[in-house]
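Take a look at the structure set out below.
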Amino acid sequence: NGDDDEEAPTTGGTDGQLNGEDHQLFCAKALCNLGCHNGSEKKIVDEGGVRALMMICMVRAVKQFTKQVCAKALLNLLNDENLVELLEADLVKVIATLSKKPPLPKKEDETLLKVCAEIFLKLSASDIGRKELISRQVTLESVFNLMRSKDVQTQSMTGKTACNLLAFEDSQAAGVKAGAVLVLKHMCLDLEEGIKEQCALSFFLVCRKE
């Protein structure tokens, strides 16, 4: 991972007894921070860290912040060495689920959506990651629905994911059907020049196939 790894944000101390949500949050923070240390990712996965994070964010956690920390921890563990294990643990399904809420994000929801977008982008850069992303149309629709975010980085990463999907013949049709062209249209109108060039290339690849 390296310098791009994200440590869990800290919160103030608590008075009195910790509740169940606090325990889940501290566990997620510990795994997130451990995953920031380059070389530790494989051991965390082998020791059951992914299963613990999935359980916290999908079953035990109630607060959005706790789920956000879990998503950051999963992002830290997502590398070439661990990719297969994370996919087998239903990473795509979990992140797609987290990315759906809330339908109208507030400012405090944007960090979680950005982490989801970054995970989708990393997956779209690999053959097996793209295969998982296109396996269910509802998953791709969740990916592209991240364009509802008002955060420019989230929108940019979602657009780059669309470009990656359209760049490969085995994922083009699924990408188009799920709304990738609308994502690119938005990017061409609103985002920076370098991304616009990527969009133009993606349009060319789709049109050439037709």
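Structure notes:
- Members of the range 81-90 that are touching a residue at least 40 places away in the same chain (Cβ under 8 Å) and either open to solvent by 80 Å² or more (accessible area, probe 1.4 Å) or under 19 Å from Arg136 (Cβ atoms) (or both): Glu81, Leu83, Val84, Leu86, Leu87
- Restricted to helices (runs of 4 or more DSSP H) entirely inside the range 30-96, those with at least 3 residues that are within 18 Å of the chain's Cα centre (by Cα) are 49-55, 64-77, 83-88.
- Search result, residues across the range 49-68 that are in contact (Cβ under 8 Å) with a residue 24 or more places away in the chain and among the β-branched types (Val, Ile, Thr): Val50, Ile56, Val62, Thr66
- Pick from the range 97-107, criterion in a helix (DSSP H, G or I) and surrounded by fewer than 18 Cβ atoms within 10 Å (Cβ to Cβ), ranking: modelled with the lowest pLDDT: Lys107
- Here Asp46 passes the criteria (1) in contact (Cβ under 8 Å) with a residue 24 or more places away in the chain; (2) within 22 Å of Gly129 (Cα to Cα) except the one numbered (1).
The values are calculated or read from the model by the stated rules, or taken from the named source; none is laboratory data. All figures in this text were calculated on a predicted structure; none of them were measured in a lab. Note that we place each Cβ from the backbone using ideal geometry, even for glycine, and neighbour counts take in every protein chain shown. SASA here: full protein model, heavy atoms, side chains in, ligands and nucleic acids out. Shrake-Rupley method; radii C 1.70, N 1.55, O 1.52, S 1.80 Å.
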